[in-house]
Structure formats: structure tokens, C-alpha cells
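Here's the structure we're looking at; comments come further down.
The values are calculated or read from the model by the stated rules, or taken from the named source; none is laboratory data. Quantities reported herein were computed from a predicted structural model and do not represent experimental measurements. Because the Cβ atoms are built from the backbone with ideal geometry, glycine has one as well, and the counts that use them run over all protein chains shown. Surface areas here come from the heavy atoms of the whole protein model, side chains and all, with no ligands, DNA or RNA. Shrake-Rupley method; radii C 1.70, N 1.55, O 1.52, S 1.80 Å.
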Amino acid sequence: MPASYAYLGPEGTFTEVALRTLPEAATRELIPYVSVQSALDAVRVGEAEAAFVPIENSVEGGITTTLDELVAGTPLMIYREVLLSITFALLVRPGTKLSDIKTVSAHPAAQPQVRNWLKRNLPDAQWESAASNADAARLVQEGQYDAAFAGEFAAARYGLEALETEIHDAENAQTRFVLVGLPARPAAPTGADKTSVVLWQRDDHPGGLRDLLGEFATRGINLMLLQSRPTGAGIGNYCFCIDAEGHISDRRMAEALMGLKRICLGVRFLGSYPRADMKPGDVQPPRLGTSDEEFVSAADWVAQCQDGRF
């Protein structure tokens, strides 16, 4: 396997900035790809050891392109996550004034984060989506668009200047990125972990989602992300992408996953990995009967009963 990481490019994306915060990135060749799909496919076909892609932002929630790629195709697994605070700059060719701007470009995920600023300052500008924010900057450099929303750090890379900086509609906006590789044994639990899965219902029935969520709730497991995605099998057919606090080696998480495997049409394990904020999952005392020790004790008691040792 090549010692390289694929990432959503081109150079100068927020993805690249976030990737470079990983210590192991300094020992890998970092290769930009034109899309999330192509970066993940590079892992699937053996061109890269892992791929680093955005998966969620605090303004719009899950990034559907990434979620859909993890739901479908050859299974992949999440090994790490990174949180990056996001603020945009309006990048233009030197000499461009605000009144000159008729077209603006950025990745679609950027639009909800600058929508109100755009309405106040460039109400008549036409929005054009790009494969990434850095790619939008490249297109501005080439003269296809007048301005791009991207990181201020991308200006020098593409010979542009920042006409406006610190652009964001929501304070403290963050994007979550994940390092994705081929399936293997998850890293050992740290005590501050997250588990990601995709669930497919057997059929559509009243209380179906409640049944799925109940497997977590009855074991005191908190959910951090719940997003439905269409399966492509027709209107009303969805799967559910879930992030939950805990590690697959935790007894209660393992039992929840076993329960889901029994009742779901399909379950795809996307990994157990350290939380970027390293906050332990049980910030409050666990519900009665939901600690790992209580699960182990109950399992031991059943085993004793089976052996006739009361």
C-alpha cells in the first residue's frame, strides 16, 4: 500500500489544512483529488493508504456526498476525525472591487455558511458551485468567475487577494473531517470514542425508527448524528447514518450493535475511533444498569445460570 493520503483538492482547501494537523500526515505523500468520490475510490483501488474528506459541518449537518459514498460501494472505515473552525475570505483577482463582482463560486457546503453575508453585500451576484473552495479560487484565477469564497490562506496559492475576510453567518462554525481507509481492526478504545454505522430497515412500519433508536436508548448510548439518506429504491426508502458515543469494544455498544443486526435488513459498521474533542462520552452519570460493568456482571450471571451455578 503506498504511503500516501488522498484528500479533497486541489491544494489550498480547508481539507488540506485540516489534514496537515494530523501528525502522521508529515510522513505521507498528500495527493489532492478532484472530488470526495475520487479520493475515496483511490483507497478502494489501492492508489492511497487512506483518504481525508469532510463529513459534517455545524451549520448544515452531514455532508451528503461523503455520507452517500460511505453508504454505497466497497466498505470503508473511519479511523480518525478532525474538527476545524471555518471562516471564509472573498478572494478576487488583484484590483477587483466589490461593485465589480457579478459571479461568485465555492463548494456547495459553503453557501449556507455565507448566505446572509452574500445577501447583504452582493445581493445580485450569481452563485456558481465548484468542486471545492480551492477549485473555485483556481477558476477565479483563470477568469471564469469574479470571486470565490475560500480560506484566506488560498489567496497566495492562486495569485488572488482577499477583498473581505472573517466571513461567516454563524459564530464558531466548524467542519468535521474524517480519515478513511480499508476495513481493519479498530484502534483500542481511548475512553472518548465515537462509533459510526449505517442502518437499513427491513420494512417501513409505524415505530420503525423508534425500534432502531431504542437499541441505543435502552443501553444509555447517546447519539451525536442521525441523518437519513435515500436508498435509491423509491420515494420513502431511506437508510440512517448514525454516530454514537462509545466504542465497539464497550459492552453496551457491542450489545446495541448486535440488537441492530438482529432487527435491521442491513448494518454497515463505519468504525470506532477517537473523538476529536477527546470528551468522554459519559459526562453525566450513566443511567441505571447501562455501565459496562453492569453489562459484564449481567452476562456473567446468565452464564452461571446456564451452568447451574446460582
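Considering region 212-247, and only residues there that are polar (S, T, N, Q) and touching a Ser or Thr at 6+ places or on another chain (Cβ under 9 Å), the residue that is farthest from residue 200 (Cα to Cα) turns out to be 218.
Inspect region 117-129 for any residue being buried (at least 22 other Cβ atoms within 10 Å of the Cβ) and of a type in the set (A, V, I, L, M) and give the result as yes or no.
Scanning region 117-129 turns up no residue that is buried (at least 22 other Cβ atoms within 10 Å of the Cβ) and of a type in the set (A, V, I, L, M).
Restricting region 222-239 to residues that are in contact (Cβ under 8 Å) with a residue 40 or more places away in the chain and open to solvent by less than 60 Å² (accessible area, probe 1.4 Å) leaves a set whose member that is nearest to the chain's Cα centre (by Cα) is 225. Tell me yes or no: at least one residue of region 119-126 is part of a loop (DSSP other than H, G, I, E, B), free of Cβ contacts under 8 Å to residues at least 24 places away in the same chain and more than 30 Å from residue 192 (Cα to Cα). Within region 119-126 (the criterion being part of a loop (DSSP other than H, G, I, E, B), free of Cβ contacts under 8 Å to residues at least 24 places away in the same chain and more than 30 Å from residue 192 (Cα to Cα)), the answer is yes, since at least one residue qualifies. Is it fair to say residue 112 is out of contact with any His (no Cβ under 8 Å at 6 or more places or on another chain) and more than 23 Å from residue 278 (Cα to Cα)? Taking the combined requirement at face value, the residue satisfies it. Could you check region 1-51 and list, in sequence order, the residues that are touching a Pro at 6+ places or on another chain (Cβ under 8 Å), open to solvent by 20 Å² or more (accessible area, probe 1.4 Å) and part of a strand (DSSP E or B)? 29, 32, listed by residue number.
Kindly evaluate residue 243 against the criterion of being among the charged types (D, E, K, R) and within 30 Å of residue 85 (Cβ to Cβ).
It is true that residue 243 is among the charged types (D, E, K, R) and within 30 Å of residue 85 (Cβ to Cβ).
Please indicate, with yes or no, whether at least one residue in region 266-281 is over 20 Å from residue 75 (Cα atoms), at pLDDT below 85 and open to solvent by less than 40 Å² (accessible area, probe 1.4 Å). Yes: one or more hits.
Applying the set (1) more than 28 Å from residue 279 (Cα to Cα); (2) touching a residue at least 24 places away in the same chain (Cβ under 8 Å); (3) surrounded by fewer than 17 Cβ atoms within 10 Å (Cβ to Cβ) to residue 87 leaves exactly one unmet item: (1).
Scanning region 153-212 for residues that are open to solvent by less than 70 Å² (accessible area, probe 1.4 Å), in a loop (DSSP other than H, G, I, E, B) and aromatic (Phe, Trp, Tyr) gives a single hit, 158. The residues of region 5-31 that are of a type in the set (Ser, Thr, Tyr), more than 14 Å from residue 86 (Cα to Cα) and within 15 Å of the chain's Cα centre (by Cα) amount to a single one, 7.
Look at (1) buried (at least 17 other Cβ atoms within 10 Å of the Cβ); (2) over 24 Å from residue 74 (Cα atoms) and you find that residue 242 fails only one, number (2).
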